[in-house]
Structure formats: C-alpha cells, structure tokens
Amino acid sequence: MLNVAETCAATRALGPGLRAVAWVQGCPFHCRGCLAPEWIPQRPARRITPRELAAELLRDEAVTGLTFSGGEPMAQAEGLAETARLARRERDLTLICFTGFRREELDGRAGAAELLAETDVLIDGRYVDARNDDRGLRGSDNQRVHHLTDSLRGFDFDEGRRRAEFRLRGTETLLVGVPPLRVAAAWQAMETPRTVRDAEGEDAQ
C-alpha cells in the first residue's frame with residue numbers, strides 16, 4: 001500500500017508534455033521554505049494500492065508522462081516502482097522523480113534501485129531556500145538533474161521558465177508546479193484555505 005498525499009490527473013507544469021502526478025505523504029527532511037509542510041509528517045493520508053494509483057494516473061488518455069514527488073518518493077520506492085510498471089503496461093510513458101536524497105545516498109536503500117530502473121529523469125538533493133535561483137524544474141541550484149535514459153534530453157530542466165497552475169477544489173486552492181519566486185511569495189502569504197501541489201515538497205541540502 002502507498003500513502004499518497006495528492007494526485008493530479010493532468011498538468012503541464014511538472015515536466016514536458018501532459019503529465020499525471022503523484023505526491024506521497026511523509027518526508028525525513030525538514031527544509032526551510034518547503035512549500036508543502038503538510039506533506040512532511042509521517043502520518044496516514046490516503047492509502048491506495050499501486051494498481052489503483054496507476055489507474056488513477058492514466059485517467060486522462062492524453063497523458064504521456066508521470067511525475068513522482070512529495071513528501072519523499074524514495075521512502076515509498078517499491079510501491080511507486082510497481083505503479084510505474086503497471087502504468088507502462090498500458091501506455092508508453094516517461095517518468096520524472098524528485099527526491100531529497102542525493103543519487104549517491106540511494107545506493108543500497110530499500111526499493112531505490114527498483115524505482116530508479118523505471119525513472120527517466122531523477123532530480124536529486126534537498127531544497128535550499130537561499131539557493132532558489134528561479135530557474136528550471138529544480139527548486140534550488142544545488143539540486144541535480146540526472147538523465148537516466150535519453151527519453152527527455154530535449155527538455156530544459158535546468159534553465160527553463162517555471163510554470164505554476166492553480167486549481168480550485170471547493171474552498172481550497174491548489175498549486176501545481178515549481179512556482180516562480182514571485183508566485184511562491186504570494187502563495188505563502190495567502191490566508192485563505194490552500195493545499196500545495198508542488199514538486200518541491202522535496203527538501204534541502
């Protein structure tokens with residue numbers, strides 16, 4: 001079973017093309033400036049099987065890729081790897097995975113090799129608020145983009161323009177993406193009910 005904080009059936013803010021996103025609950029890092037502090041605690045959110053999650057992420061027939069973030073995906077690596085495998089049996093998909101761990105820290109970590117085997121692009125490293133350079137899909141300039149396959153080499157992960165999408169769900173406003181600095185500042189200043197759906201619930205180093 002996976003412990004999932006939120007999903008988004010389709011977005012263009014977290015990688016090339018139309019992507020479905022899963023954010024997991026729970027993160028061992030507590031990075032200053034994290035835009036998703038409610039996803040850090042190791043507490044029950046929504047329990048779901050990999051098969052159920054794969055079906056949910058494939059709901060939109062136009063989706064061509066998956067993005068996993070959190071929270072910390074590598075804390076639930078085995079379940080996410082199975083989710084990716086099941087989804088790829090149904091459709092040709094790319095996978096982007098964010099992690100607060102450095103790539104080197106994942107060696108020997110339970111389930112990490114399985115998830116890395118399914119991943120096309122890994123964005124690693126903790127989020128450092130003071131090093132947020134307002135560029136690319138990484139949250140701060142210490143984070144690294146690892147192309148584990150050649151599938152997404154044409155996309156500018158490092159210097160490209162950031163995008164953010166807002167979704168309204170009842171009384172909540174949802175933010176999807178790695179937001180530009182001015183958007184992030186306005187978001188954090190909001191006093192109305194909100195729920196973060198950003199890539200950078202990941203953390204800092």
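The table below gives the values:
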read-out	value
Correct choice for Cα Rg over 2.2 N^0.38 Å that was computed from the model, options [x] 1.25; [y] 0.92; [z] 1.16	[y]
Gaussian network model of the chain, Cα within-10 Å springs - most flexible of ALA62, ALA189, ALA22	ALA189
Total formal charge among the other residues, if their Cβ is under 13 angstrom from that of LEU2, Lys/Arg +1 and Asp/Glu -1	-3
Cα-centred dipole magnitude for the chain, charges only on beta-carbon of K, R (+1) and D, E (-1), debye, nearest 20	380
Net length gained if the chain between ARG46 and ARG131 were fully extended (0.36 nm per residue, minus Cα distance)	27.4 nm
Rel. contact order, % - alpha carbon contacts under 8 angstrom, at least six apart, the range 3-72	46
The chain, accessible surface, carbon-and-sulfur percent (1.4 angstrom probe)	47
DSSP beta bridge pairing in the chain, given as percent antiparallel to the nearest 5	50
Backbone N under 20 Å from the ARG88 label point (7 Å along Cα→Cβ), restricted to the range 15-41	15-24
Sequence ranges 115-128, 92-105, ranked by mean other-Cβ count within 10 angstrom, highest first	115-128, 92-105
Shape category assigned to the range 1-40 from the gyration tensor of Cα positions, a/c cut at 1.5	oblate
The chain, helix-only ellipticity at 222 nm - DSSP H runs n ≥ 4, -39,500 (n - 2.57), divided by all residues, nearest 500	-5500 deg cm²/dmol
Residue among LEU174, HIS146, GLY26 farthest towards the positive dipole end of the chain, charges placed on Cβ	LEU174
Surface accessible to a 1.4 Å probe, per residue, for the residues of the chain, Å²	44
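The values are calculated or read from the model by the stated rules, or taken from the named source; none is laboratory data. As the structure is a computational prediction, the values presented were derived from the model and not from experiment. Every residue, glycine as well, gets a Cβ built from its backbone with ideal geometry; the counts of neighbours run over all protein chains shown. With ligands, DNA and RNA removed, areas are computed over all heavy atoms of the protein, side chains included. Shrake-Rupley method; radii C 1.70, N 1.55, O 1.52, S 1.80 Å.
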